[in-house]
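Only one structure is covered here, and it is reproduced in the block below.
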Amino acid sequence: MKPMVNQVLRHISNTPIELIEYCQEQGIVMEAYSPMAHGEVLKNPVIAQMADKYGVSVPRLCIRYDLQLGMITLPKTANPQHMKDNGDVDFEISAEDMETLKNVDRIEDYGESGSFPVFGGRL
Ligand SMILES: NC(=O)c1ccc[n+]([C@@H]2O[C@H](COP(=O)([O-])OP(=O)(O)OC[C@H]3O[C@@H](n4cnc5c(N)ncnc54)[C@H](OP(=O)(O)O)[C@@H]3O)[C@@H](O)[C@H]2O)c1
């Protein structure tokens, strides 16, 4: 079988576990684009509180979360220091906290990015 990849919008607050598990069962590699919701997660107090608990930044928590779900993660930054920091994901989110993060309320408004088809749901 040829290797297959499914690249989809995935971040804390937008995690369809059934799709992720289905693809993984079928041997399809999941890739998460916009793991920080194009920056919108940085405004979420629930995610910020969880990041504080682990002593990490929100981007690091978000990247680690996607990695623990077995997804390749595609974060973006134009800031070299952010890039360096974002690579430091050598910590473990507990199973209990993963469940909490899976159930964070969905980001409904992607702000200015909502006008982009991938965030606005309009293609
Ligand atoms: N296949 C598709 O349809 C599709 C669609 C959208 C995106 N993508 C790809 O997915 C990748 C990421 O997408 P994205 O740009 O939407 O969003 P993202 O990675 O979710 O978020 C990027 C934003 O987070 C900020 N950020 C990153 N690290 C940070 C840090 N340590 N501290 C503070 N802010 C931080 C960045 O600002 P700074 O630059 O200031 O760090 C930027 O504003 C891109 O490579 C993109 O090409 C693919």
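Summary table below
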quantity	calculated
Cross-link partners of Lys102 among lysines (Cα-Cα below 28 Å; sequence separation of 8 or more within a chain)	Lys43, Lys53, Lys76, Lys84
In segment 88-123, trypsin sites (Lys or Arg not before Pro) in a DSSP loop with at most 12 other beta-carbon atoms within 10 Å	Arg106, Arg122
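Bear in mind these aren't lab numbers, they're just calculated from the coordinates by the rules spelled out. The structure presented is a predicted model; accordingly, all values stated were derived computationally and were not measured. Positions of Cβ are generated from backbone atoms using ideal geometry, with glycine treated the same way; all protein chains shown enter the neighbour counts.
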